[in-house]
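The values are calculated or read from the model by the stated rules, or taken from the named source; none is laboratory data. Since we're looking at a predicted model, the values are computed, not measured. Because the Cβ atoms are built from the backbone with ideal geometry, glycine has one as well, and the counts that use them run over all protein chains shown. For the accessible areas, the whole protein counts, side chains as well, though only heavy atoms, and no ligand, DNA or RNA atoms are used. Shrake-Rupley method; radii C 1.70, N 1.55, O 1.52, S 1.80 Å.
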Amino acid sequence: LLAAYKIKGSSSYHPQMLLKVLVFGYLSNIYSSRKLEMACRENVNFMWLSGMSFPDHNTINRFRGVRLKQALRSIFEGVVKLLADEGLLSIDDVYVDGTKIEANANKYTFVWKKSIHTNKEKMKKALAEIWDYAQSVAKTEDDLPDPPDLTDINKEKVQATVDKLNAVLADNKDVSKKMRSKLQYVTKNYPTKIEEYEQQEAILGERNSYSKTDTQATFMRMKEDPMLNGQLKPGYNIQISTSNQYIVNYTIHSNPTDTRTLSLHLDQHKQSYGKHPEAVTADAGYGSEENYDYLEAKDIKGYVKYNMFDKEQKNSNPIKVPFSVDNLYYNKDEDWYICPMGQRMTCLGTFKIKNASGFEQEVKKYQAKNCSNCPLNGACHKGAGNRIIQVNENLNRHKDRAYELLNSEEGIAKRKKRCCDVEPVFGNIKQNHNFRRFMLRGKDLVSIEWGLLAIAQNLRKKAA
């Protein structure tokens, strides 16, 4: 923090004093730099902390957004280590959960990946239509170039196609007024539009949307929905690890789903404290094969539910879904299943499937026989042809292990504690301390703001 300041030049406010003011502001529900400036002049607590210094809002905001960028994470980690030394929390046994908080971004200026794809398809269709027209009006002696490949368009292909069409149709008197007007529109707009779409796709990456006023914020479904219309809002997915309601680790994600955040979150834990936690407890939102593989590879005890765990505990699943794969008899030695009518389902082979995040899963497929004449056809499965089931043996192995851990004496205790360890932290910050929207823009600045909130939460908890 001290290294962020230059030795030469006019004197600066001491960074430790500004840090005290900021942290105490976040402790006292004062998040605005202008309100912090006012508090330093009017509130006796802030006056004492600042030593009767009166930094203006620009100084406070510059300190928060620029000076703290490289230092805040180590400050937060120092606080956590002090609390761990006092025995108030554990770095090795943590509870993980996430929440979505609205970004400081316009709700109505957005870019959607699907919209870009639709517009590019319209471009391809319009260019192909003009090219077909050019072929129909071209004279037989004209040497018309080969039609362009518009399977996957980019800036260079669009520009080359437009240039070819102009070369063929510009001086042709037989071209209709309507088609000439369409060619002029394509020439004027398409090259710049495709360049804009490519820039937007580069910003999107693997996301489906972003806000134009904060390009790192993704449109997500928030729990706060005053209009009751399920409106998506720009926001960030905040992941935290807690121990005894103290925040041990935090990460900021632009991905709205919790499933794909766990490995990055735990990697940050190792970066902060030199090792991964020994045990992690989380809800079913994190129960994927990818996460189970990661926990196994890092030798972390994962008390992580999978999506059907709670239903299995109630014993209601077999009754509601009597023909599910889990309820079919399996012969392990000869590798076949028995369908509900008692016939063998033979193995078709092993197949590899990639999910949305690019993770490769290996599944086995089994097919039934004579489903068309079966009396259970329609109840057993609704697809056309013989029923085919998919079995992921690696995921099933992970589920068996998770079930064993979660139903152990220690696992039951952790399941009971999870909901009163990590979830109240979010409730306290959002409801009691009224923080529901970030004030800064961009993932780096949002991370600083959440880091200040995390330090404030830990100090409040210690004082309590």
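Worth pointing out:
- Index of the failed condition, D326 passing every other in (1) farther than 23 Å from K417 by Cβ; (2) within 24 Å of the chain's Cα centre (by Cα): (2)
- Residue within the stretch 233-243 that is among the charged types (D, E, K, R) and closer than 30 Å to Q431 by Cα present: yes
Yes or no, residue by residue, for (1) farther than 30 Å from K414 by Cα; (2) not in a helix (DSSP H, G or I):
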| position | (1), (2) |
| --- | --- |
| K8 | yes, yes |
| N29 | yes, yes |
| I60 | yes, no |
| K81 | no, no |
| A84 | no, no |
| G87 | no, yes |
| I91 | no, yes |
| N106 | yes, yes |
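- The residue that is most open to solvent (accessible area, probe 1.4 Å), among those in the stretch 186-217 that are aliphatic (A, V, I, L, M), in a helix (DSSP H, G or I) and in contact (Cβ under 8 Å) with a residue 40 or more places away in the chain, is I203.
- For the stretch 225-256, the set of residues classified as out of contact with any strand residue (DSSP E or B) (no Cβ under 8 Å at 6 or more places or on another chain) and at pLDDT below 90 consists of D225, P226, M227, L228, N229, Q231, listed by residue number.
- Only one entry of D293, D310, D335, D299 meets the criterion of being acidic (D, E), open to solvent by less than 60 Å² (accessible area, probe 1.4 Å) and within 26 Å of S263 (Cα to Cα), and that entry is D293.
- Only residues that are open to solvent by 10 Å² or more (accessible area, probe 1.4 Å) and farther than 22 Å from G87 by Cα were counted across the stretch 416-441, and they come to 13.
- Counting residues in the stretch 236-250 that are closer than 18 Å to V446 by Cβ and open to solvent by 20 Å² or more (accessible area, probe 1.4 Å) gives zero.
- Within the stretch 444-464, tally of residues that are in contact with a Phe, Trp or Tyr (Cβ under 7 Å, 6 or more places away or on another chain) and either at positive phi or open to solvent by 20 Å² or more (accessible area, probe 1.4 Å) (or both): 1
- The number of residues in the stretch 49-78 being open to solvent by less than 30 Å² (accessible area, probe 1.4 Å), touching a Leu at 6+ places or on another chain (Cβ under 9 Å) and more than 18 Å from S33 (Cα to Cα) comes to 2.
- Residues of the stretch 347-379 that turn out to be open to solvent by 60 Å² or more (accessible area, probe 1.4 Å) and more than 38 Å from the chain's Cα centre (by Cα), as a count: 6
- Checklist (1) open to solvent by less than 70 Å² (accessible area, probe 1.4 Å); (2) assigned to a helix (DSSP H, G or I) applied to P340, failing item: (2)
- Here L183, L144 are screened, and the one residue that is among the hydrophobic types (A, V, I, L, M, F, W, C), open to solvent by less than 80 Å² (accessible area, probe 1.4 Å) and modelled with pLDDT under 70 is L144.
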